[in-house]
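The values are calculated or read from the model by the stated rules, or taken from the named source; none is laboratory data. Treat the numbers as computed from the prediction; the structure is a model and nothing was measured. All Cβ positions, even for glycine, are placed from backbone atoms using ideal geometry, and neighbour counts span all protein chains on display.
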Amino acid sequence: MMGSKIKQSVMMVEDDEFTRSTVKSALEGKGVNIVYDTASVKDAIEYAKSHRPEVAVLDYNLGKGPNGIDLANQLRRIQPDIAIVLLTAFLDPAQLDKRVAELPAGSRYLIKHSVTNIDVLVNEIKEALKSAPVA
Amino acid sequence: MRPILEGLRSEKKHKIDFSLVPLGIILIEYSVFTTQLSKDQHSSLRNLIILRVLHTILMIALAYLLSRIFIRLKKIELNYRTLAITGTLVIGFGDFIHRFMGPALGVELVSADRRVGIILLQGCFWFPAFIIIGSKRSEIFHHFKEYEQRLIVATRARSRESTEFLHVQKSLQAQIRQQLVTSCRALIEAISKAREATGNLAEKNQSIQQHLLGDELRKLSMKLETFGSEQQGSSILGQNIRSVNLLIKQFRILYATTARSAPLSKSVYAVVLLALITPPILNYSPLNEALIAFPVMVLVITIAAHFISKALASKSPHALRNSSILIYLTGFLPMISNLIGQEINPNPATRYPLYITGLTLPISYYIFVKVIQVLHPHSLELIRKDELQASRALQDAVTKVVSDEFSHALSHRWAIFIHGRILTRLAASSLKLETASQAGDSQTFNRTVDSLVSLLENPDAGFEHGSIDLKSEVSSRLDPWIGLLDVDLHIDAELESIDSPRVRELGEVIEELVSNSMRHGKSQKIQLRVTKQGDKEIKIVAMDDASISPPEQQSRYGLGTRIFNLASDGRWSIERVGSSTVFTLVMAIRP
């Protein structure tokens, strides 16, 4: 059912430590190459500037300050071909906050409770890699 | 005291504005209609109505034509004398037409000498009055806009401290917490039940998983987010109540303030009543009686005006009420004098109809005097400087707006909190339980359930943080944006250590304006200045390099507007200056 493993470098940004470690270990269990995980937007940007990861898995809600969509847009400015998967508890983030900016083209978003089956997230990462703009 | 209408010799120029002239014409035509109706000078009511309607249309068309001529001649200002001559010519022309239309429709006109008197009065008084008040309209509205702004700010500040608002704050917090706790308890119960049920790990996992979708909590979060948006309409009232509305809501207070501090002169009370009573005197009294009645009326009205002024100037707590009663009663003087005249010399032809002198005239006089009092230039000056007090209706309206704004902002914070803290944890726990179940790891499985239950037992923990100083609050709001936006921050040294319950609101303002600047303005740099203004206020000025201009005022009634309004009581603005967007907000340091 599952295709080949994801070899591309994946960065994870999630402010809740429990969630971050859970999703990270589940993804690693599926052979996903998680190269960096953080709770901080600032650290994520610094990392993206210096290491250019190919995929970013971002939580929509990052606590105070910018949300996952703000970060996604900034990552695309730094690295136009980065694949983006946004995790949210809602089908459409605009349902939660009317003021959200638009998600960059080719990004995928995934309702968190469907992550129970980690294969769903793995598939979304693959889809995001396919639909990310070509640099 | 400056008179409302300048003397005939005055060279002071008045801008010409015909916008109120149609209203003046309609009032004059109505007055002529009631006179003709009462004097039975018509063949049929239908013909009388046709005559008055046609004449009204004709006079409005004439006024419009005249205004176009003035525009063509580039006459934008005239002195009172010219206005009076113009008015007399216009009304005279109207009367000339009337002479032909009246007999054609079977309506009998009063004699020429009486009509001359009426033409002079209308042309020299009412026509210039409507032109001059019309020309001062924008000045009047400007004064009221300023007044409105200051009044709303003061009322908002008072509303934040009102018991109604404190009640809304407490009850909404308690209500949301209660709903959250109830949903979480139901979830704990369902999870515990599934966990204790007999079966293997996979069966227990399957049973727990269905509850971890968190449908109830998702619904609650959605409900909280949409809570305020349903009430957006009332928000418009918050920052920008239209001046006309405000004038109506505030009329009693405005009148009370201006009548006590800048009362009209006695002559105004007298002139207004004489201007109202002169047409009936000319219409109903023969010339010899009019020559007696008019000076008598002048004398009586002058005495009444003296008493009105005296009542208003007295130190009695009932001065205002007493003077208002006197104003109303003064409006009955023409009726009383006519009734006395009828007792002395009964004559149905010279009897004023009671619905004019007993009803229309006193009410018109009362309204005219009160409106002139509030709109008088001296009153407007006073309104600019006066200590403000909101009427009960306005206070209630503003309190409702402030409560709505608070409710929306708080609901939004809770919605985000439930999403970020609880729904996220449910999803992660779900994933962890699934993995542990597949691996047959009952220890991890149980630990995960325990940790989830412990979270759900205190679901609101961490929602509020304690009061912190201004510098730490601002840093905590700005730090997460580093990397997305280049922030140049300056905080006055004496403000840095301020620790006030309002610091949190200031933090929300900063977060909101930074996120707006980046998300909607697409800016990359922002300069932020937090300075002390006087002893009691903080001023925030933000200037960014936004490539997209801020939306117009009317379309800005979202959450951001509510946050700014709550913090500043409406004292904020966004404007485009060159290639930058400048945001300014002033807020009180203490609640």
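Below is a table of values for the structure above.
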{"item": "Residue in the range B:181-202 that is touching a Phe, Trp or Tyr at 6+ places or on another chain (Cβ under 9 Å) and within 14 Å of chain A (Cβ to nearest Cβ) present", "result": "no"}
{"item": "Matching residues in the range B:411-422 - criterion: being at the interface with chain A (Cβ under 7 Å from one of its Cβ atoms) and surrounded by 24 or more Cβ atoms within 10 Å (Cβ to Cβ)", "result": "B:419"}
{"item": "First in the range B:66-79 and touching a residue at least 60 places away in the same chain (Cβ under 8 Å), second anywhere and crowded, with 16+ Cβ neighbours inside 10 Å and of a type in the set (Gly, Ala, Ser), Cβ under 9 Å, 6 or more apart", "result": "B:77/B:135"}
{"item": "Filtered residues of the range B:342-387 (kept if assigned to a loop (DSSP other than H, G, I, E, B) and either basic (Lys, Arg) or over 26 Å from residue B:325 (Cβ atoms) (or both))", "result": "B:345, B:346, B:347, B:351, B:387"}
{"item": "Selection status of residue B:430, more than 8 Å from chain A (Cβ to nearest Cβ), among the small types (Gly, Ala, Ser) and in a helix (DSSP H, G or I)", "result": "no"}
{"item": "Total residues in the range B:554-577, condition in a helix (DSSP H, G or I), out of contact with any Phe, Trp or Tyr (no Cβ under 8 Å at 6 or more places or on another chain) and modelled with pLDDT of 85 or more", "result": "3"}
{"item": "Residues of the range A:2-37 satisfying the condition of being within 11 Å of another protein chain (Cβ to nearest Cβ) and small (Gly, Ala, Ser)", "result": "A:21, A:25, A:26, A:29"}
{"item": "Selection count, the range A:33-48, where residues are assigned to a loop (DSSP other than H, G, I, E, B) and among the polar types (S, T, N, Q)", "result": "1"}
{"item": "Meets criteria (more than 15 Å from residue A:74 (Cα to Cα), touching a residue at least 12 places away in the same chain (Cβ under 8 Å) and not in a strand (DSSP E or B)) for residue B:526", "result": "no"}
{"item": "Which numbered condition residue A:62 fails, given (1) facing chain B (nearest Cβ under 9 Å); (2) out of contact with any strand residue (DSSP E or B) (no Cβ under 9 Å at 6 or more places or on another chain)", "result": "(2)"}
{"item": "Residue within the range B:515-522 that is under 30 Å from residue A:78 (Cβ atoms), of a type in the set (Lys, Arg), within 14 Å of chain A (Cβ to nearest Cβ) and over 33 Å from the mean Cα position of the chain (by Cα) present", "result": "yes"}
{"item": "Evaluation of residue B:446 against (1) away from chain A (no Cβ under 14 Å); (2) closer than 30 Å to residue A:46 by Cα; (3) surrounded by fewer than 22 Cβ atoms within 10 Å (Cβ to Cβ) (one fails), failing number", "result": "(2)"}
{"item": "Failed item in (1) within 14 Å of chain A (Cβ to nearest Cβ); (2) touching a strand residue (DSSP E or B) at 6+ places or on another chain (Cβ under 8 Å), with residue B:491 passing the rest", "result": "(1)"}
{"item": "Filter result (within 11 Å of another protein chain (Cβ to nearest Cβ), farther than 22 Å from residue B:188 by Cβ and not in a helix (DSSP H, G or I)) within the range B:449-480", "result": "B:465"}
{"item": "Verdict on residue A:19 being farther than 17 Å from residue A:123 by Cβ and either of a type in the set (D, E, K, R) or surrounded by fewer than 23 Cβ atoms within 10 Å (Cβ to Cβ) (or both)", "result": "no"}
